[in-house]
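Accompanying notes for the structure given below.
Since every read-out is calculated from the coordinates, none of them should be taken as a lab result. These figures come from a predicted structure and were not determined experimentally. Backbone-built Cβ (ideal geometry, glycine too); neighbour counts: all protein chains shown.
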Amino acid sequence: MRAAYRPRRATKRWTEGAPDYILDVFREYGMEGSTFYTVLLGGRFLDPALLRDRKVHELDVWAVATGTIFVEWTERKASERPAHRRIKWLDVPANVRVFVESHLSEVRN
């Protein structure tokens, strides 16, 4: 019998200071000064139904120039990690990090 799939977390270089449930973080640029961050979730957010298909939860966060933050939950194959867009958790703006951590602290599994 095969062992249960467990996605790997990015190395310490990228996840320093991140909560243990953050697997990886990517940055993409949106329109008109907005920035889009993709946060892959592990730890208490791992879902056995998704893991069967080697997927994890993904939190998409848009930080608009006005300071407004929008968020969307989705899923992604754990192997689909655009390394050229990977950023350090500590390079994510402080207001976005605080938002992600407080938003996720309210989520029950």
Exposed-loop cut sites defined as GluC sites (Glu not before Pro) in DSSP loop states with at most 13 other Cβ within 10 angstrom; longest site-free run of the chain spans 33-79
Expressed as an acute angle from 0 to 90° and rounded to the nearest 10, what is the orientation of the C-alpha long axis of helix 94-105 relative to the principal long axis of the chain? 40 degrees
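Grab the Cα-Cα distance for D20 and D47, subtract it from 0.36 nm times how many residues apart they are, and report the gain in nm with one decimal.
8.2 nm
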Below 20 Å, Cα to Cα, which aspartates and glutamates can K77 reach? Residues fewer than 8 away in the same chain don't count. D20, D24, E28, D47, D53, E58, D60
Pairwise Cα inverse-distance average, inverted: Kirkwood Rh of segment 12-105 (Å): 13.5 Å
Let me check I've understood the local charge: for R13, count other residues with C-beta under 13 angstrom from its C-beta, Lys and Arg +1, Asp and Glu -1. What total comes out? +1
